[in-house]
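These notes are about the structure you will find just below.
The values are calculated or read from the model by the stated rules, or taken from the named source; none is laboratory data. Keep in mind that this is a model prediction, so the values were computed, not measured. All Cβ positions, glycine included, derive from the backbone under ideal geometry; neighbour counts span all protein chains shown. Keep in mind that these areas ignore ligands, DNA and RNA; they rest on the heavy atoms of the full protein, side chains included. Shrake-Rupley method; radii C 1.70, N 1.55, O 1.52, S 1.80 Å.
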Amino acid sequence: MCGIVGYIGPYQAIDFLIEGLRRLEYRGYDSSGVATIHDGEFAVTKTAGRVDGLVEKLKTHPAPGSIGIGHTRWATHGPATDLNAHPHIGGDNVVALVHNGVIENFRELKEQLAERGYYCKSATDTEVVAQLVAAELDSRRPNTKTAVPASVADQYGPLIEAIQAALAQLRGTYGLAMVFRDWPDVIVAARLGSPLVIGVGDDEHFIASDGSPLVGHTDRIVYLADHEIAVVTAHSIRVIHRDEGDVRHNVKHLDIDTSQVELGEFAHYMLKEIFEQPETVQAAMRGRLNRDEATAVFGGLNLTPQQLRSIDRIVLTACGTSWHSALVGEYMIEAFARIPVEVEYASELRYRNPPMSNNTLLFAITQSGETIDTLAAMREMKRKGHPTLAICNVVGSTIAREADGGIYLHAGPEIGVASTKAYTSQCVVMALLALYFGRIRHLSFEAGLRIIDELTVLPRQIEETLDTNDETRRIAAKYASCNNFLYLGRQFNFPTALEGALKLKEISYIHAEGYPAAEMKHGPIALVDENTPSVFIVPQGGVYSKVISNMEEIKARGGPVIAVVDKDDSQAVELADDVIRVPAVPEFLQPIVTAIPLQLLAYHAAIARGCDVDKPRNLAKSVTVE
Ligand code: G6P
């Protein structure tokens, strides 16, 4: 939700700002803007709409200078207009500021500021922060004029004091980057609840919401923590706690390469990421299968074998697509480990107070590691003393850092807003956990080994599954004008029905509902007509013949049926109007294999309808507001 960039160094800032904003556009694309400092003045260019529009506008409203900040917005307060676009200016051109997050007390602050003569022009919560910083700076101005800095550290003393005072008045969340008319050689960045990193270059520094804009510029990264304020010049970084003194910052290695953030031969990131799945699924398993002990191994759980053995309940919490992988996990862990599992929407769990036994283990599942509800739910469980583990893709993200331990997906950056490769990797990690917990409980050595064998051939089977691309394109074109879809599956394939429906909704704006196949008799069957296709996920398994009966029921009412079936299926193919054949895999791996043609179906339907696949309307990849 909103992307932030900043640059200070020897080069024109605008080049990094624009490139960085393009890489962060997945975080929001309602409006965009930049502010640089040139000849002691701000150059601010901003516009409603995408970064491409900003680039156009910069042709007539250039932003020169070697220091600057930029923003791409996902609107929370106020519509996507030029006026509401960031950066916002505080006071008499005292500060230019970009913000990611939500300021909850902005109304009170706005009134107080107006009484002090600082008026907001936009409808945003952000402008209040800019005015507040300006007010705090102005109130210290006499000191700044008279004081002679005793040392370089003191040079920014009044600036830091003013920012500490301003931030202490904010309630809510923020990732902020600011530049100042009177300190034209410094960017100040601050975070509470919204991610922010600093890239360390040679005599230059970069600010960004995550590591992706830094790729190609530097592989040295500093992750800011909550309540930290960074004072960044071209040559130095100083990190200060909002309410305390200086804190040591660690420079870490950023492990992303250029090919991972570029499109290459693909038309869209979503398609690229779908096609990466043989490799990403492999990466999720790499080094984690131990044949000698017929189990899975994880490096970072940070819990003793005794603690793990005493777990008698697992809670999986997540949002969106990650929540669907949690459902898959529930089926897998209960089947192999016989541990009761509950799946909770993080947005519900954070405000609920469910009874939890002492030996409850929480997993927060999240691609970005920044989803605010997932973070809040995890913090609440942690506060209650439960061990919390993260299953996360983005290295160094807030959830990854705050969890007691965790498992990285190693899927590489996922840029398409609709999650694809992260989902299948999450499901693979779920299978590994099911194997692990199974093996410390009742699962035999032979059964463990069989699961390892089945997982080992999975990347090859996913490769084969991608052959469904042409057939899904044809089917998508056939039904792209329909306004409603049903997705039906049972047992392990029920979460796939939910995920298939979500993918279609997200990127093609076709209404779709996912249902347990047998439940459709209790309502959704009323929707069935010749213009409402039902997508059945019906590979061979314990409930195959039951789902075939549900297909009959739909056919009897004139509804078109698209069936995802095993390669050698003979029954479902007789009934279905259109068929997508996938390799036969054991039931617990079916959610991984069957999700892929449904990702492709959604992709091709969106293309057929002329939708912007990588930037679907109203959505953002990383939801850092409630
Ligand atoms: C947003 C994204 C989804 C994602 C969800 C949870 O809604 O558009 O693709 O599944 O957030 O995100 P997370 O990063 O926590 O997995």
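Quick rundown of the values:
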{"item": "Rounded to the nearest 10 Å², the accessible area of residue 380 at probe 1.4 Å", "result": "50 Å²"}
{"item": "Nearest-0.05 FRET efficiency for residue 529 and residue 81, computed from C-beta distance (R0 45 Å)", "result": "0.60"}
{"item": "By accessible area with a 1.4 Å probe, ligands and nucleic acids excluded, highest first: order of 249, 522", "result": "522, 249"}
{"item": "21 Å Cα-Cα reach of residue 46 towards lysines, excluding residues that sit fewer than 8 places from it in its own chain", "result": "57, 59, 121, 615"}
{"item": "The stretch 154-184-the stretch 394-448 distance, computed between alpha-carbon centres (Å)", "result": "39 Å"}
{"item": "The chain - mean residue ellipticity at 222 nm from DSSP helices (-39,500 (n - 2.57) per run, n ≥ 4, rounded to 500)", "result": "-11000 deg cm²/dmol"}
{"item": "Accessible surface ranking that places the most exposed of 110, 503 first, with a 1.4 angstrom probe", "result": "110, 503"}
{"item": "Spacing of the two label points (7 Å from each Cα toward its C-beta) at residue 291 and residue 383, in nm", "result": "4.8 nm"}
{"item": "Residue 38 - accessible surface, heavy atoms, 1.4 Å probe, Å² rounded to 10", "result": "80 Å²"}
{"item": "Set of aspartates and glutamates near residue 110 by C-alpha distance (under 15 Å), chain-local residues within fewer than 8 positions excluded", "result": "125, 127, 136"}
{"item": "20 Å reach of a label modelled at residue 262, 7 Å along Cα-to-Cβ, counting backbone N of the stretch 202-227", "result": "211-220"}
{"item": "Global geometry of the stretch 208-362, whether rounded, prolate or oblate, following the gyration tensor of its Cα atoms and the 1.5 cut on a/c", "result": "oblate"}
{"item": "Computed lengthening from residue 123 to residue 161, 0.36 nm per intervening residue step minus Cα-Cα distance", "result": "10.9 nm"}
{"item": "R0 of 22 Å, Cβ-Cβ distance residue 509-residue 577: FRET efficiency to nearest 0.05", "result": "0.45"}
{"item": "The stretch 292-397: C-alpha gyration tensor shape, a/c 1.5 cut-off, then a/b vs b/c", "result": "rounded"}
{"item": "Centre separation in Å (Cα based) which lies between the stretch 569-589 and the stretch 502-535", "result": "19 Å"}
{"item": "Residue (of 597, 28, 192) at the positive-pole extreme of the chain, dipole from beta-carbon charges", "result": "192"}
{"item": "Förster radius 56 Å - calculated FRET efficiency between residue 460 and residue 202, Cβ distance, rounded to 0.05", "result": "0.80"}
{"item": "Cα centroid of the stretch 351-392 to Cα centroid of the stretch 72-120, whole Å", "result": "32 Å"}
{"item": "Anisotropy class of the chain from Cα gyration tensor, a/c 1.5 cut", "result": "prolate"}
{"item": "Cut-off 12 Å (backbone N to label point 7 Å along Cα→Cβ of residue 342), residues of the stretch 360-398", "result": "360-362"}
{"item": "Accessible surface, 1.4 Å probe, highest first, among residues 623, 573", "result": "623, 573"}
